[in-house]
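Worksheet: the structure to be examined is printed underneath.
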Amino acid sequence: MLHPTPWLLVFAGTTIASGALAQSPTSDPYGSPSSLNAGGLAPPGSANTSSSSYDPRHQSYDTEQTLKTADEKDSGLGLQFIWANAEAGFQYLSLNTFHANNLVDSQFVKTSQAGPVYGFGAGLRLLFLTLGGRFRLGNFSDWQMWTLDAEAGLHMPVGRVEPYFSFAAGYASLGAFGGASNALNLQSSGVNIHGWNARLGFGIDIYITRVLSVGALMSGDMLYLKRARRISIANPTNDPTIAKAAQVYANDGSSIGGAATLTGVLGLHF
């Protein structure tokens, strides 16, 4: 008769071995997460999610790259707050372009002339908008014309090239009569011609440095000018031609004229 103890030992050993095999990751491919990781897979929520997790270091790097790219595309000019420029060029001016009412006597004073023009402007800048003032002086053979205007500009920067539109309006004065008009002694007779002007211009600035630019400006002006009557004009020679011309200035006069101007511009920006 067999003793039961050896059989009990064999049964216990078999049970322990079976349990150990059941817990082994290699014996049951579906038994644990480690078996899935071994095959390159991971169940939802497992630790193998580092590639899709948010990493602030990556976000910081992307931001730096974006700023660097934007800086490379940008002109690098930075913000500007103050501007000033000087201009010189050529102007054609007609006193009677749109309307004539004996502003001057055309026998002695040419109503349409061309000559050099000089100007200076300065003001403030806020992003794409500039505000300021401008003085211009045109020298012509028979007279001078100067204007003092308030000016606004709309700028469209494209790197270091900056096209812009300008709008201006203000005071205009005609004087310093010379040439044949001297025969009428207009200046000493107190003939005063003044009024207002409005201007529209298109220009372009090219930045050599962050502070210095060169460019060109084309502009057109409309001018309204008037003159109060002068009762007498000196006529020392009693010339009938001068006497006839003097009758023009014995009455009020006015005109609506126009001007076309092309100038080169040297600018400073701060």
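Just so it is clear, none of the values below were taken in a lab; they were calculated from the coordinates. Please read all numbers here as calculations on a predicted model, not as lab measurements. As a convention, Cβ positions derive from the backbone with ideal geometry for all residues, glycine included, and neighbour counts pool all protein chains shown.
Tabulated data for the structure shown
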| quantity | calculated |
| --- | --- |
| HN-Hα J in Hz across the range 140-154 - Karplus 6.51, -1.76, 1.60, θ = phi - 60°, x for Gly and Pro | 10, 5, 10, 6, 10, 10, 10, 10, 10, 10, 7, 9, 10, x, 10 |
| Neighbourhood charge, 13 Å Cβ-Cβ cut-off, centred on PHE165 and excluding it, Lys, Arg +1 and Asp, Glu -1 | -2 |
| Using θ = phi - 60° and Karplus 6.51 cos²θ - 1.76 cosθ + 1.60, couplings along the range 254-262 (whole Hz; Gly, Pro as x) | 7, 7, 10, x, x, 9, 10, 9, 10 |
| Under 5 Å, built H, 5+ apart or other chain: amide partners of ALA216 | ILE204, VAL265 |
| Rounded to whole Hz, the Karplus (6.51, -1.76, 1.60) HN-Hα couplings of the range 93-109, x for glycine and proline | 10, 10, 6, 10, 4, 10, 7, 9, 8, 6, 5, 9, 8, 5, 5, 10, 10 |
| The range 71-206 pair-distance distribution - Cα-Cα, 5 Å bins, rounded % | 2, 9, 16, 19, 15, 11, 9, 7, 5, 3, 2, 1, 0, 0 |
| Under 15 Å, Cβ to Cβ, from ASN96 - net charge with Lys/Arg +1 and Asp/Glu -1 | 0 |
| Local electrostatic count, ALA250, Cβ distance below 15 Å [Lys/Arg +1, Asp/Glu -1] | +2 |
| Amide H within-cut-off set for ASP252, under 5 Å, with H built and near neighbours excluded | ARG229 |
